[in-house]
Amino acid sequence: MNSKIREKALLVQSPSLPDREVLNGYIDEIYKSRWLTNNGHLVQELEKKLTGYLDVPYLVLTANGTSALQLALKLFNIDKEVITTPFTFAATGQAIEWVGAKPVFADIDKRSLCLCPKQVSNKISPHTQAILPVNVYGRTAHNTELEELARRHNLKLIYDGAQSFGPPSLHQKTALTSGDATALSFHATKIFNTVEGGALILKSEEDYLKAQSLINFGYQDGKPGHVGTNAKMNEIEAAFGLANLEHINKEIVYRKLLTEAYKDQLADFSNSNLLKLTKSPNYAYFPLQFIDEQMLLKVDQALKVQNVFGRRYFYPLQPGSVADDLPVASRVARNSYCLPLHCNMTKDDVTMICDTIRTAVLPAHAYRAQC
Ligand code: T4K
């Protein structure tokens, strides 16, 4: 094993920064125009480019992924019950509560780690207005069944796709266009970032225009219309996004290369049940599921000694969810762990991490084999 401990901490995520010259070009435009926000030229350009790159019908840029979720819920007048997953980041449940609705948690499917349609079906009540699945680690699952369920019960289907940025070639065809809306996050720690930022993908021009108005105080044609908010992206963030978009394909290829290196080096675990690799189709994360929490904590500790910091995405379950009712999500949350994956690390880092994991896990493996 690599005996030299890293001087600089290796974190689970690390932002991709744009080329300075490219960024400066966009910043120069801002200086010339003196236009900083309120649907400026660069926001419009980024919106157009992302709509094409992601191949989606309509896309509205927002201040962050959380505001994109809130916007979707407001757009469809959701204020009662929303069925969602307990295995997600804090923002999902909080966005639901923020608009005055109640999150109702249904269990996840043990293979996809996403909302299980059968469990959703069991939770539908006369108060249910929407289903809100999360594309965990960029995974998309059960879209056809969820669309069918939503149609049958006249519910809105809003996806939390904060982790699922990527062109159609990386996903199932309808990854970002299933249901009524999909919220994306462009936070600093995401594959594609605008520092803070997000977007809402929509299906119709009517929804698009209403969303544009809602993020700008409900203004329509320059006049107040309905109650809105301020959830606009600004020109500096759009400049960052436009510059980052220029190297996004390279970023994805590099993440793929690191993912392959992890897979190769952890292949010797493939026949053991000690840890399982979980696919992140857009290379957003490198998630593992350990056999139990004890093993996870042991590896986490061993990595920390090497100055490496993985993360338990997502632990604990969403507040308000009751673990006993959600056995699959509880187990998955206890045992899931993301290793570092980003453009500021190398294949040698992957080797060091895998060696550390092997050393931490194998004594337990030998012990189990004897029993
Ligand atoms: N839905 C889902 C399913 C989500 O995953 C998220 C966000 C949302 C909704 C909401 O989208 P946003 O409103 O955030 O756009 C991080 C991100 O802050 C959060 O955006 C993301 N999910 C979540 C999965 O991860 P934390 O609490 O883990 O962040 P933090 O500050 O601990 O950073 C994570 C790692 O990245 C650390 O090792 C430090 C490193 N880092 C962080 C920042 C901000 C850097 O190296 N540089 C940086 O600039 O939530």
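Where a number appears in this text, it was derived from the coordinates with a stated rule and is not lab data. Everything numeric in this text was worked out from a predicted model, so none of it was measured. Backbone-built Cβ (ideal geometry, glycine too); neighbour counts: all protein chains shown.
Can you put SER125, SER185 in order, fewest other beta carbons within 10 Å first?
Final ranking by Cβ density, sparse to dense: SER125, SER185.
Just name one of PHE87, CYS354, ILE215: the one whose Cα is farthest towards the positive end of the charge dipole of the chain (beta-carbon charges, Lys/Arg +1, Asp/Glu -1).
Positive-end residue among those listed: CYS354.
Looking only at trypsin sites (Lys or Arg not before Pro) in DSSP loops with at most 16 other Cβ atoms within 10 Å, what is the longest site-free stretch of the chain?
Values: sites that count: LYS4, ARG6, LYS8, ARG34, LYS80, LYS110, ARG111, LYS173, LYS203, LYS279.
By the stated rule (loop sites, at most 16 other Cβ atoms within 10 Å), 280-371.
By the scheme Lys and Arg +1, Asp and Glu -1, what is the net charge of all other residues having a beta-carbon under 15 Å from that of ARG311? Kindly include the intermediate steps, with their values, before the conclusion.
Numbers: positive: LYS190, LYS304, ARG312, ARG334; negative: GLU293, ASP300.
Spelling it out: positives minus negatives among the neighbours equals +2.
Test of understanding: in a Gaussian network model of the chain with alpha carbons linked when under 10 Å, which of ASN77, ASN307, ASN273 would top the mean-square fluctuation ranking?
Of ASN77, ASN307, ASN273, the most mobile in the Gaussian network model is ASN273.
Among MET352, MET233, MET295, which comes first, then next, by fewest other beta-carbon atoms within 10 Å? Working shown, then result.
Working: MET352 23, MET233 30, MET295 20.
Fewest to most other Cβ atoms nearby, the residues stand as MET295, MET352, MET233.
So how far, in whole Å, is the C-alpha centre of the range 225-264 from the one of the range 54-101?
If we compute the Cα centre of each part, the gap is 19 Å.
Please turn the phi angles of the range 76-88 into ³J(HN,Hα) values with the Karplus equation 6.51 cos²θ - 1.76 cosθ + 1.60 (θ = phi - 60°), one per residue in order, whole Hz, x for glycine and proline.
My calculation for the range 76-88 gives 9, 6, 8, 8, 10, 9, 10, 8, 9, 8, x, 9, 7 Hz in order.
Can you give me the angle between helix 143-152 and the longest principal axis of the chain, using Cα atoms only, in degrees from 0 to 90, rounded to the nearest 10?
So the inclination is approximately 50 degrees.
Order of VAL227, VAL350 from fewest to most other C-beta atoms within 10 Å?
On the way: VAL227 9, VAL350 24.
With the fewest neighbours first, VAL227, VAL350 line up as VAL227, VAL350.
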